[in-house]
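*Asks:* Following this message is one structure expressed as structure tokens.
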Amino acid sequence: MTIDTATDETVDTEQEFDGGTAATQLEELKPSVITAHPKNPRKALGDIAELAASIKGEGIIEPLIVTPAKGKGKYTLIAGHRRHAAAKKAGLKSVPCLIRFDLEGDDRAQLEVMLTENLHRSDLNAIEEGSAYQTLLEFDDVDIKGLASRTGHNQKTIRDRIKLANSPESLQRKIIARQVTLEEALALAEFADDQQTYDRLALHLGSRDFQVNLQRAREARLWEKRQAKITKQLADRNIRVTTNDELSQEEADSNGTVEWFEVEEDDVIPEGTETAAVLNENAHDGYIMHFKRIVETSADGKPIPPAPQPKPEETPEQIEAREQREREKALDADLRTAATVRRRYLAGVAADHDEDLALKALRQLVMNSYTARVENPYYAPAARELVGVPPSTKDDDDAHETAQVTQHVNKMSIEQLAVTLWLLDHVAEEYHMARARGWTMPTVDLTPWQQELTELGYEYSTVELSMLEVSDGDAAEPADTAAEEDTADGVEE
């Protein structure tokens, strides 16, 4: 279609679509004969006062897109809903319109054009966009792959938008008001099928602790899935899965004739001895084996109790030491979760194509390139997380992990590689920051790395802030004690 600017007349032309041709025409139409499309993806027009004032002074520069409606001389608006509303507010007698005859009566094509036009202008929020995608998918000949091709958005983006459009209304309002990021909203939507976890996470939206609580919820969900897998594997080996409470109850019901013991590393279990497994998230294999022992009985069949061993009463110092160990264990669990969130944040920093940071990283690497690093198995978890390799969806083995890391690294730009190598140079600090003792060891100076984290824009969680306060005080252990404990951990400083 072209417009003869000399005569200001409309000239019909032909445009290709769906393998055929159809006429389009540019006309001046009265705003009153144009009706907004009932399925317009954009639900809110926003404040049009400023646009109306501009249109009143300068007119409409870009024509509206319309298609003939059922009534004679009536048209359905396809694109330009804000301009149409502003024109009516400005009192315009007519507005320039591009009439699309090829869209007449074709609901699917009309919706596709409306969606595409709004996407090009970034006029839709994520909820409106997702609702439009979902409406289009209700047509028999539309699928996500086709939508991705027509709109230029990848299939994951389309699925994510649909997921947000189906999220609770309270979350949709926060998304529209930009009170939460789309990443946070999508993360929360992962738990739409778990109302209790969803509500708990929603309380932390927008706070510094949202990511830590999100990671904790993800770990709990992974453990649930792992439990099911472990239970099946044990069942295949004819091993009963039980709980400590059930084993204690069996002992009580036997009137002292049966005892259950936890299998130690050097225990040799006689053949035929009954065993049972108790699931334990912190155990290496995900469970702890127990074996049954029949208590020796007297001639009259009564169990012979073992010689009583006096149980020493705990001193106040021992009680305090035990409680301190329990607090530290709980704190370590929180710090491990915070460390995972922090490392993923740092992996994101590496993916940001920051040239200044890449230059800084390369300079440090050049200075340190002559220094050979000795591979240390205690640093392996932190190293994997800092590389930013996506979580595996398959059973882990060395070949698969190597292939996964190789594939991930091959996609990195030179900037991402430089920053990632720089992060790996701080694996030791990350190892220590994932446990309470590491923050206060006098033999480890975490201050430079903590300052780097601040400069990178990392926001410390509450548990990390509490440890910063401790490490700034006088809570450091004696140097010889810390060194002995780390030697026991197998880590050289």
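*Asks:* When segment 284-311 is examined, which residues are found to be over 26 Å from ASN255 (Cα atoms) and at pLDDT below 90?
*Replies:* Residue satisfying the conditions is HIS284 alone.
*Asks:* Quick check on this structure: which one of THR76, THR116 is hydroxyl-bearing (Ser, Thr, Tyr) and in contact with a Gly (Cβ under 9 Å, 6 or more places away or on another chain)?
*Replies:* THR116
*Asks:* I've got another one for you. Tell me which helices (runs of 4 or more DSSP H) are completely within segment 161-251 and hold 1 or more residues being crowded, with 17+ Cβ neighbours inside 10 Å and touching a strand residue (DSSP E or B) at 6+ places or on another chain (Cβ under 9 Å), or say none if there are none.
*Replies:* Because the criterion is at least 1 residues that are crowded, with 17+ Cβ neighbours inside 10 Å and touching a strand residue (DSSP E or B) at 6+ places or on another chain (Cβ under 9 Å), the helices (runs of 4 or more DSSP H) in segment 161-251 that meet it are 210-236.
*Asks:* Just name the residue that is surrounded by the most Cβ atoms within 10 Å (Cβ to Cβ) out of those in segment 449-473 that are under 23 Å from GLN215 (Cα atoms) and of a type in the set (Val, Ile, Thr).
*Replies:* VAL463
*Asks:* Assuming HIS84 fulfils every condition listed in (1) out of contact with any Pro (no Cβ under 8 Å at 6 or more places or on another chain); (2) in contact (Cβ under 8 Å) with a residue 40 or more places away in the chain; (3) assigned to a helix (DSSP H, G or I) apart from one, which condition is it?
*Replies:* (1)
*Asks:* Now a separate question. Do the conditions hold for GLU385, that is, is it acidic (Asp, Glu), in contact with a Lys or Arg (Cβ under 9 Å, 6 or more places away or on another chain), closer than 20 Å to GLU452 by Cβ and modelled with pLDDT of 70 or more?
*Replies:* Answer is yes for this residue.
*Asks:* For segment 98-109, check the following and say yes or no: at least one residue is aromatic (Phe, Trp, Tyr) and part of a helix (DSSP H, G or I).
*Replies:* Yes, the conditions are met somewhere in segment 98-109.
*Asks:* Only residues that are in a helix (DSSP H, G or I) and either in contact with a Lys or Arg (Cβ under 8 Å, 6 or more places away or on another chain) or buried (at least 21 other Cβ atoms within 10 Å of the Cβ) (or both): list them for segment 437-448, please.
*Replies:* GLY438, TRP439, listed by residue number.
*Asks:* Would you say ALA350 is under 30 Å from HIS426 (Cβ atoms), among the aliphatic types (A, V, I, L, M), loosely packed, with under 12 Cβ neighbours inside 10 Å and within 35 Å of the chain's Cα centre (by Cα)?
*Replies:* Here the answer is no, as ALA350 does not meet what is asked.
*Asks:* Find all pairs meeting these conditions: Cβ atoms under 8 angstrom apart; at least six residues apart or on different chains; first residue within segment 357-382 and in the same structural domain as ARG435 (by TED's automatic domain parsing) and loosely packed, with under 12 Cβ neighbours inside 10 Å; second residue modelled with pLDDT of 75 or more and not aliphatic (A, V, I, L, M).
*Replies:* Going by the 8 Å Cβ cut-off, there are no qualifying pairs.
*Asks:* Could you tell me whether segment 393-410 includes any residue that is modelled with pLDDT under 75, closer than 27 Å to GLU183 by Cα, aliphatic (A, V, I, L, M) and more than 20 Å from the chain's Cα centre (by Cα)?
*Replies:* Yes, segment 393-410 contains a residue that is modelled with pLDDT under 75, closer than 27 Å to GLU183 by Cα, aliphatic (A, V, I, L, M) and more than 20 Å from the chain's Cα centre (by Cα).
The values are calculated or read from the model by the stated rules, or taken from the named source; none is laboratory data. What you see is a predicted model, and the numbers here were worked out from it, not measured in a lab. Cβ: placed from backbone, ideal geometry, glycine included. Neighbour counts: every protein chain shown.
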